[in-house]
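See structure below.
Taken together, the values in this text are just the output of simple stated rules run on the coordinates, not laboratory data. Only a predicted model underlies this, so the values are computations on that prediction, with no experimental measurement involved. Quick reminder, even Gly has a Cβ in these numbers, built from the backbone with ideal geometry, and neighbours come from all protein chains shown.
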Amino acid sequence: MNLGLEHVPRCLFCGAEGLWLHRDLRDPRYGAPGLYHLRKCPRCNLAWLDPRPDPASLSLCYKGYYTHLPISAGTEGPERRCLGYLRDCIRTAILCGHFGYRGNHDRHGLCRLGALMGRVRFLRHRAAFDDLAERFPRFANGRDNLLIDVGCGRGDFLARMKTLGWNVLGIEPDPVSSDIARARGIPVFNGTLGDARLDGDTADEISMNHVLEHVYDPLSLLKECCRVLRPGGRLVLHIPNIASLGHRIFGRHWAALEPPRHFFHFSPRSIDAVLRLSPFRDYRIRTVDKISAGIYDTSVALRDDSLRGNTEARRRRGRGLFWAMERYLCAAGLSVGEEIEVVAFK
């Protein structure tokens, strides 16, 4: 397997020549051939891959990727759990009272209480199926509501949202992942958001979960998201944070580097610089520690050269201390979480 490569010596956004951050990076997990280097912009703090695969070779980098795996149980919607009745009542009340999902139940006696409980972040995130957190949207109550997931993969997120009443659309360049999502009844456009040529002012919500770092032109994608959103519509995106505690500790073995699939690496400072060039004016940026334990385990395994393919890294000693330290630093106002979370409104 030979990859065509293109060199990117200068920052895509401000034009400065990049300084070397990491040299001779390999892809030990999925085996894409070649050596890759990471540059960092001295002006805006953006980091990027140089060289990177050209568009004709990109699909070769995703052979065996986790988005090609069969669907596991429990991804289609809410699950019944131990002590489930009480939890389901609380969840339903918050989903209705806070998020506006009124069509999923008939009795609304607790929904006013759910509106109050939804103000508590812990309860709100638990009701929103934990891992979704800010990705979980308030319901747009209308026949033409539309939720778009850019880089939808196998459609896990959209399958869950469809059961809650959303009209959904997946955007996915990878044909294997697109076929898996379609088999679940998810409408998917196989290509990019720009290729889909959607009408403007169409979507109530756009989600991009660890997508922006994979694309050749992040700014163009952000502009297209803004065009497609309705006035007042929301974009929620998550990306790895190269200014995280994990990268500072593990350096070239940091799990989120993932050459050659991650073309760009953002810090809060650099994603803010990109957003200032976009049409979005109402946005907030913060870092979160949600995936810190998994990043720690995977980074240790990569440092030990003991991880291949989609094998999940085993729990490593020290993960609890790492997670607690990162959570404390984030709570203290330092932007060292493993993910950057951006919520932007049109």
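Calculate I(q)/I(0) for region 175-330 by the Debye formula, one identical point scatterer on each C-alpha and no solvent, and give its log10 at q = 0.13, 0.14 Å⁻¹ to two decimals.
-0.75, -0.85
Build a GNM of the chain with springs between Cα atoms under 10 Å: which of Met325, Met161, Met208 gets the top mean-square fluctuation?
Highest fluctuation among the options: Met325.
Give me a comma-separated list of calculated 3J(HN,Hα) values for region 298-310, in order, Karplus coefficients 6.51, -1.76, 1.60 applied at θ = phi - 60°, integers in Hz, x for any Gly or Pro.
With coefficients 6.51, -1.76 and 1.60, one gets 5, 5, 4, 5, 5, 5, 7, 6, 10, 10, 9, x, 8 Hz.
Indicate the gyration tensor shape class of region 172-255 (rounded, prolate or oblate), computed on the Cα atoms with a ≥ b ≥ c the square roots of the eigenvalues: a/c under 1.5 is rounded; otherwise a/b larger than b/c is prolate and the rest oblate. Don't skip to the end; give the middle numbers.
Working: a/c = 2.36, a/b = 1.48, b/c = 1.59.
Cα axes put region 172-255 in the oblate bin.
Roughly what would the spin-label model give for Arg316 and Thr202, points 7 Å off Cα along C-beta, in nm?
With each label placed 7 Å out from Cα toward Cβ, I get 4.3 nm.
Taking the DSSP beta bridges in the chain as the whole, what percent of them are antiparallel, to the nearest 5? Walk me through the numbers before you get to the answer.
Details: 27 of 43 bridges.
Of all bridge pairs located within the chain, approximately 65 percent are antiparallel.
Summing -39500 (n - 2.57) over the DSSP H runs of n ≥ 4 in the chain and dividing by its residue number, what mean residue ellipticity at 222 nm do you reach, to the nearest 500 deg cm²/dmol? Before the final figure, lay out each step's value.
Values: 11 runs with 101 residues, N = 346.
Rounded to the nearest 500, the figure is -8500 deg cm²/dmol.
Under the Kirkwood approximation for Rh and a Cα-based Rg, what ratio Rg/Rh is obtained for region 295-346? Let's see the in-between values first.
Details: Rg = 14.4 Å, Rh = 13.0 Å.
Result for region 295-346 is an Rg/Rh of 1.11.
Between region 185-221 and region 295-346, how far is it from one alpha carbon centroid to the other, in angstrom?
26
Given the C-alpha centroids of region 111-154 and region 1-24, what is the distance between them in whole angstrom?
38
Please report Rg over Rh for the chain, where both radii come from the alpha carbon positions and Rh follows the Kirkwood definition. Intermediate results must be reported in sequence, preceding the final value.
Details: Rg = 20.3 Å, Rh = 21.2 Å.
Value, to two decimals: 0.96.
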